[in-house]
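Colleague: Questions regarding the structure given below will be posed in turn.
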Amino acid sequence: MEEALSKAHDSQAKLNAFTEIDDEGALERAAEIDRQAAGDRHPGQLAGVPIALKDLIDHKGHLTTSGSAFYRKSAPTSAPSVRALEDAGAVIIGRTGLHEFAFGFSSENPHWGPVRNPWDTETSTGGSSGGSAAAVAAGIVPIAIGTDTGGSVRVPAALCGTYGLKVTHGRVPLEGVFPLVPSLDTVGPLAGSLADLELSYRAMAGDRSEPREPGPLRLGIPQPWVENAPFEPDIAKIFENAVVSLRAMGHEVGVIHLPDAVPSTKLWHAIAEEVREVHAEFRARGEPYGDDVAMRLADAELVTTEEITGARNWQAMIRERFGDAFETVDFLLTPTVPVRRKRIGEEEIGGRHYRSVLSYFTALVNHSLHPALALPLLGSGSPPASLQVIGRFRGEADLLGFATDLEGKGLAGFVPAG
């Protein structure tokens, strides 16, 4: 615990990954676990594991800020997800920085400063769980917890070279988590190994299901979703090479045509009403937001009832299409993000707004409600490219089993930054 806390403090000037580092609480907790381990009580599967917690998830006795200038909640109790981790023996060492109110993909926070990527501090960690990704990528903690509403676990995992799990909506309790879009929000882990990712996920979700038996699988590449992506050329090539490797392992990989399942302005229309409801009281009081979040909240007010109705019909169609797809394949494959990096302070990547680029492969999955994993691909550069594997509804165990096989065969793997 002392080592993790020391690394957190030493990295802060460079990375700005934390909004709070809890030396006293973490060391007291570690001493308690030492006492349990020395006695008759088994302290749990995560005994003494240091974990970083995104600063919009309540932890008893600590301030939840949601990365904002004004929101301050002294949590009277911990979120169920945090209690479950602590029941398994984990130690929360601190709270991590994020995009303001989790409403963005850069973690370039105007109030707390930008979270910086350990691979290159001039680049973004992605968002909104940027501090959690940085803490894992820099080797400060083996596990960090984030939230994912449009890719906010998977995008930072991809840009920082870690594993990241977006769970099925509803799989991990959302109580004690400041909402963005309650109908889509999820809580999930980032980690430096699949074993750690799985331990933390199962602790939070209470999932005891077993993965399917290993063997050749049917893997689908959804088109035109993939072929129309705003790729950096090397990411497209790395994805093609990963497909070749999967075929060499005996898996059947083919195109699956999902012409309606593509990113659309309906992604925005579908969340606008919930976003403005969450922030209505703050906006009525004239609370100060950063420029980008203030602009997005103002834009949410302009979305019409007709557009919202159309977007909800679109969501229903997306869920039906994904359900149909899993009648014929075991998993869907895409890159996690179509680029390798976003520079801090730059609003565009390749002539498009960075949000639409970074979320291109992730946001659609939240609207489908399915689980998905971001897997760093070994030997694919610095930071590594990331493969997204999308699974069946409540199929996390199968996802983790498949990914563990890929890790064991050397296709996926974590390398600490630097």
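Colleague: Over what distance in Å are the Cα centres of segment 161-199 and segment 321-388 separated?
Modeller: That distance is 16 Å.
Colleague: Okay, moving on. How big is the convex hull of the Cα atoms of segment 23-79, per residue, in Å³?
Modeller: Enclosed volume per residue, from the Cα hull, is 94 Å³.
Colleague: With no solvent and one equal point scatterer per Cα, compute the Debye intensity ratio I(q)/I(0) for segment 37-173 at 0.14 Å⁻¹ and report its log10, rounded to two decimals.
Modeller: -0.61
Colleague: Divide the volume of the convex hull of the Cα atoms of segment 119-162 by its number of residues and quote the answer in cubic angstrom per residue.
Modeller: Output value, Cα hull per residue: 54 Å³.
Colleague: By counting other Cβ atoms within 10 Å of each Cβ, how are Arg319, Arg212 ranked from fewest to most?
Modeller: Arranged by neighbour count, lowest to highest, Arg319, Arg212 become Arg212, Arg319.
Colleague: Please report, largest first and rounded to whole Å, the three semi-axes of the ellipsoid equivalent to segment 41-121, where each semi-axis is the square root of five times an eigenvalue of the C-alpha gyration tensor.
Modeller: With the √(5λ) rule applied to segment 41-121, the semi-axes are 26, 17, 8 Å.
Colleague: While we're here: Quick check: net charge around Tyr354, other residues with Cβ under 11 Å of its Cβ, Lys/Arg +1 and Asp/Glu -1?
Modeller: Value of the local net charge: 0.
Colleague: Counting other beta carbons within 10 Å of each Cβ, put Val167, Val187, Val255 in order, fewest first.
Modeller: Least to most surrounded, the residues fall as Val255, Val167, Val187.
Colleague: With 10 angstrom as the radius, rank Met295, Met204 by how many other C-beta atoms surround their C-beta, starting from the fewest.
Modeller: The most exposed by this proxy come first: Met295, Met204.
Colleague: Quick check: net charge around Thr64, other residues with Cβ under 9 Å of its Cβ, Lys/Arg +1 and Asp/Glu -1?
Modeller: Within the 9 Å Cβ shell, the charges total +1.
Colleague: Count charges around Ala300 for me, please; just the other residues with Cβ under 12 Å from its Cβ, Lys/Arg as +1, Asp/Glu as -1.
Modeller: So the environment of Ala300 carries a net charge of -3.
Colleague: Right, another one. Have a look at Ile221, Gly206, Gly188 and report the one farthest towards the positive end of the charge dipole of segment 176-281, computed about the Cα centre with Cβ charges (Lys/Arg +1, Asp/Glu -1).
Modeller: Ile221
Colleague: Positive end of the dipole of the chain, charges at C-beta (+1 Lys, Arg; -1 Asp, Glu), about the Cα centre: which of Leu174, Ser81, Thr334 has its Cα farthest in that direction?
Modeller: Thr334
Colleague: Another one. Take the Cβ-Cβ distance between Met295 and Ser6 as r, set R0 to 41 Å, and report the resulting FRET efficiency rounded to the nearest 0.05.
Modeller: It comes out at approximately 0.55.
Colleague: Taking amide H atoms as placed 1.01 Å from N in the peptide plane, list the residues 5 or more away in sequence, or in a different chain, whose amide H sits under 5 Å from that of Thr19.
Modeller: Here Arg95, Thr96, Gly97 satisfy the definition.
Colleague: Under 10 Å, Cα contacts only: if you run a Gaussian network model on the chain, which one of Val155, Val226, Val278 comes out with the highest mean-square fluctuation?
Modeller: It is Val278.
Colleague: What residues qualify as long-range amide H neighbours of Asn109, i.e. H under 5 Å apart, gap of 5 or more or another chain, H built at 1.01 Å from N?
Modeller: Val115
Colleague: Treating only the Cβ atoms of Lys and Arg (+1) and Asp and Glu (-1) as charged, compute the dipole magnitude of the chain about its Cα centre; round to the nearest 20 debye.
Modeller: Value, rounded to 20: 320 debye.
Colleague: Reported to two decimal places, what Rg/Rh ratio describes the chain when computed on Cα atoms with Rh from the Kirkwood expression?
Modeller: A ratio of 0.95.
Colleague: In sequence order, what are the phi-derived ³J(HN,Hα) couplings for segment 158-174 according to the Karplus relation 6.51 cos²θ - 1.76 cosθ + 1.60 with θ = phi - 60°, rounded to whole Hz, with x for glycine and proline?
Modeller: Couplings: 5, 6, 9, x, 10, 7, x, 10, 9, 8, 4, 4, x, 5, 10, x, 9 Hz.
Since every read-out is calculated from the coordinates, none of them should be taken as a lab result. Treat the numbers as computed from the prediction; the structure is a model and nothing was measured. Note that each Cβ is placed from the backbone with ideal geometry, even for glycine, and that neighbours are counted across all protein chains shown.
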